[in-house]
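Let me begin by presenting the structure, written as structure tokens, before commenting on it.
Values in this text are rule-based calculations from the coordinates and carry no lab data. What you see is a predicted model, and the numbers here were worked out from it, not measured in a lab. Note that we place each Cβ from the backbone using ideal geometry, even for glycine, and neighbour counts take in every protein chain shown.
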Amino acid sequence: MKENPLISVITVVYNGEQHIQQTIDSIRNQTYKNIEYIIVDGCSTDGTVNIIKDNNDVVTKWVSEPDKGLYDAMNKGAEMANGILIGTINSDDWYENNAVELIVEAFKNNPSKLIFHADKNCIEPKGGIHVKKGRTSTFFLKYYAMIMNHPTMFVHKELYKDHKYNIELTSLSDYQFVLEVLNDKGNVFYYVPKVISNFRLGGISGRLQFKKVLIENYKARHLSGMNHFQCLFGMFFRLNAEVYKYLFT
């Protein structure tokens with residue numbers, strides 16, 4: 001393995017002029033420097049493209065064209081990427097300055113692992129912050145929910161040869177993606193117990209009603225190859241877990 005392997009980072013954006021400069025600056029300020037930075041813009045109509053052009057010292061390559069949504073844009077970015085690991089940070093969010101360095105260190109020490117993930121700060125609309133830790137239980141991953149923080153995930157490029165984000169799902173295509181990897185490769189995930197990204201609450205997944213969350217989780221499991229019984233068990237396990245949290249926490 002190279003001492004300083006190339007790492008790709010993708011930002012997907014549409015009309016993100018309010019926050020994208022902070023996202024770009026978080027790449028500029030990384031303590032690890034061998035980064036290929038790719039921005040996939042969905043034909044923004046605000047000042048986003050001008051901001052991208054003004055940061056050509058950081059942005060390695062970019063495209064602005066129509067797409068079929070968030071996950072279609074992520075797939076485009078993965079196809080454009082040359083790094084051995086590929087991370088995704090959306091235009092509302094930003095990395096801690098040592099994020100990529102921590103991931104590369106974990107990768108060097110655990111070369112058999114294929115997806116690396118960590119903790120994130122959740123930024124509430126009124127300014128509060130709480131930490132959402134990643135989890136490592138494959139049982140909870142299969143039957144509870146997407147327990148990895150996608151804005152912290154760095155995925156080995158080899159996985160994108162066989163797995164893509166499903167553009168038909170509203171918000172949980174990342175869940176289907178990691179379940180497919182689990183079914184195909186086993187537990188190839190590595191958890192770094194550090195906060196490496198900052199995530200603004202209020203996106204698509206945060207606005208989904210719980211009923212829709214259950215349905216989308218079922219679809220993600222089913223499409224990943226889990227059988228009907230496993231999918232139903234996951235739905236009822238998640239429902240019971242939420243009832244327990246509501247009553248006893």
query = Among L6, L172, which comes first, then next, by fewest other beta-carbon atoms within 10 Å?
reply = L6, L172
query = Counting Lys +1, Arg +1, Asp -1, Glu -1, what net charge surrounds N82 among other residues with beta carbon under 10 Å of its beta carbon?
reply = +1
request  = Starting from the amide H of W94, placed 1.01 Å from N in the peptide plane, find each other amide H under 5 Å away whose residue is 5 or more places distant or on another chain.
outcome  = N198
ask   = Sorting T11, T48 on the 10 Å Cβ count, fewest up front, what's the list?
value = T48, T11
note = Computed ³J(HN,Hα) along the stretch 29-37: with the Karplus parameters 6.51/-1.76/1.60, θ = phi - 60°, integer Hz and x for glycine or proline, the list is 8, 5, 6, 8, 10, 7, 10, 9, 10
Estimated [θ] at 222 nm from DSSP helical runs (n ≥ 4, -39500 (n - 2.57)) normalised by residues in the chain, nearest 500 = -11500 deg cm²/dmol
Inter-label distance for N97 and N4, nm, one decimal - labels placed 7 Å from Cα along Cα-to-Cβ = 1.7 nm
request  = Please identify, among H19, H163, H130, the residue showing maximal mean-square fluctuation in a Gaussian network model of the chain using a 10 angstrom Cα cutoff.
outcome  = H130
remark   = Along the stretch 127-144, Karplus-curve 3J(HN,Hα) (6.51, -1.76, 1.60; θ = phi - 60°) to the nearest Hz, with x for Gly and Pro, reads x, x, 10, 9, 8, 10, 7, x, 10, 10, 6, 6, 5, 5, 4, 6, 10, 10
request  = Beyond 20 Å, what share of the Cα-Cα pairs of the stretch 106-249 is found? Please give it as a whole percent.
outcome  = 51 percent
query = Which percent, nearest 5, of DSSP beta bridges in the chain are antiparallel?
reply = 30 percent
request  = Using the structure shown, list the pairs from K113/K194; K132/K157; K108/K157 with a Cα-Cα distance above 22 Å, or answer none.
outcome  = K132/K157
inquiry  = Restricting everything to alpha-carbon atoms, can you work out Rg to Rh for the chain with a Kirkwood hydrodynamic radius?
reply    = 0.95
